[in-house]
Amino acid sequence: MSSILVTGGAGFIGANFVLDWLRRTDESVVNLDKLTYAGNRDNLAQADERRHVFVHGDIADAALVSSLLAQHRPRAIVNFAAESHVDRSIHGPSEFIDTNVVGTFRLLEAVRGWLGQGAAAQQASFRFVHVSTDEVYGSLQPGEPAFTETHPYDPNSPYAASKAASDHLVRAWHHTYGLPVLTTNCSNNYGPLHFPEKLIPLTIVNALSGKPLPVYGDGLQVRDWLYVTDHCSAIRRVLEAGRVGETYNVGGWNEKANIEVVRSICALLDALRPRSDGRSYAEQIAFVQDRPGHDRRYAIDARKIERELGWKPAESFESGLRKTVQWYLDNPEWVRRVQTGAYREWIARHYQQPPAEAAAAAA
Ligand code: NAD
Ligand code: DAU
């Protein structure tokens, strides 16, 4: 049976991709994940285990990756594995370089070594899809046109710089060694299984537990939101029909200011799970210190993938956000299990609770 190798498939987007892949195809998935704080086996509870091989390991472990390639002979790799949270990259960038830069380099080298030993036919049909972000393009001014694939790279955070570095490595391994790569640069995802350190799930989870809803700075920073299964369908389409060596921007034409997003979540919760005191969740909104170097605006021009590959998102922001809020309401046990001591310690440290409260939160 043919298979694909997915890296980082226990994280938010990777797990959604694996579950969708198993539902929509009859191929197997070998899922290599280091299970960092962001990786979670619970995310894969619905996976059909007859076609899902989970491997606990690091993309930077060249010997492990080489043995997986030799054993499973996947027809493609989809590389999701990364450190993905901008705020954590500001507190401690080291792991971002280890995984996003060195890890991607080692993965590329392992694939190059394996393809170099294989039959020409295998090399011709093999694909390496590298999943990247719009953050590599830097920040837009209001009114500036959205990022196209030829927009210059201008990364601002340690996270964005590490992803930009990985994109450059992937590009160079194609140009120099002929590796059959494709890169996707997607805007902000949201949906089920999103770890509650990121804006949308953090807002839902904090609202329901009566905590402040932290909005950085003036809340007028703009992000371009895409429901996660629409990102998954874009990656499947790129894998199926994308032109080798090309990059594809992926986005849903949903630019929203952060404060607007937080208010929309509050309005949905007011309707779906009203507060016991009858007041609005919006009363919990708290403007807090801004993120250092905070990019003001991202926006994706998705016309290339729409035109060349016929891809279109299925969800609007309204339908996707409603599904997301409902998913968190329906899955309190998942939420409870991801809120480990380490999670509570991060939240306490990052949002600078007084030391006594932070210790209590982490206990
Ligand atoms: P995530 O943080 O939820 O998950 C990352 C996964 O990678 C985790 O399961 C983690 O255990 C695993 N991982 C980390 N280091 C690893 C290593 N060295 N070896 C193997 N596995 C490792 O991230 P996400 O939000 O699902 O993002 C997935 C990918 O998509 C990332 O590459 C990210 O840059 C990109 N992306 C994310 C977004 C978004 O809005 N979340 C948007 C565009 C692109
Ligand atoms: O643009 C794609 C990127 O989107 C991905 O590459 C990243 O992996 C992903 O984490 C995401 O990055 P952001 O920094 O945009 O996502 P985050 O959810 O952390 O923040 C969204 C916006 O909300 C951003 O402007 C910062 C703001 N924010 C975030 C948090 C956590 C707040 O105002 N308050 C918060 O508490």
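The length gained on full extension between Ser209 and Glu246, counted as 0.36 nm times the residue separation minus their Cα-Cα distance, comes to 8.9 nm. For the chain, build the charge dipole from Cβ charges (+1 Lys, Arg; -1 Asp, Glu) around the Cα centre, then report which of Ser276, Leu239, Phe96 sits farthest towards its positive end. Farthest towards the positive end: Leu239. Dipole of segment 58-198 computed with +1 at Lys/Arg Cβ and -1 at Asp/Glu Cβ about the Cα centre; of Ser125, Ile59, Thr148, farthest Cα towards the positive end is Ser125. At full extension, Gln326 and Thr148 could sit 60.8 nm farther apart than now, given 0.36 nm per residue minus the alpha carbon distance.
Note: relative contact order over segment 229-350, using C-alpha pairs below 8 Å and six or more positions apart, is 38 percent. For the chain, a simple Cβ point-charge model (Lys and Arg +1, Asp and Glu -1, everything else neutral) yields a dipole of about 560 debye relative to the Cα centre. Taking only the alpha carbons of segment 94-215, we obtain Rg and Dmax values of 18.2, 60 Å in that order. Here the residues Ser94, Ser187, ranked from fewest to most Cβ neighbours within 10 Å of their Cβ, fall in the order Ser94, Ser187.
With the alpha-carbon atoms of the chain aligned to their principal axes, the span from lowest to highest coordinate is 67, 44, 36 Å, starting with the largest. The calculated FRET efficiency for the pair Ala70 and Glu260, based on their C-beta separation and a Förster distance of 51 Å, comes to about 0.55.
Between segment 82-149 and segment 194-212, the alpha-carbon centres lie 28 Å apart. For segment 125-215, the relative contact order works out to 33 percent when only alpha carbon pairs closer than 8 Å and six or more residues apart are counted. The mean sequence distance of close C-alpha pairs (under 8 Å, at least 6 residues apart), as a share of the length of the chain, puts its relative contact order at 16 percent.
Here r is the Cβ-Cβ distance between Leu272 and Ala314 and R0 is 35 Å; the resulting FRET efficiency, rounded to 0.05, is 0.95.
Here, each number is a calculation from the coordinates, and none is a lab measurement. Quantities reported herein were computed from a predicted structural model and do not represent experimental measurements. All Cβ positions, glycine included, derive from the backbone under ideal geometry; neighbour counts span all protein chains shown.
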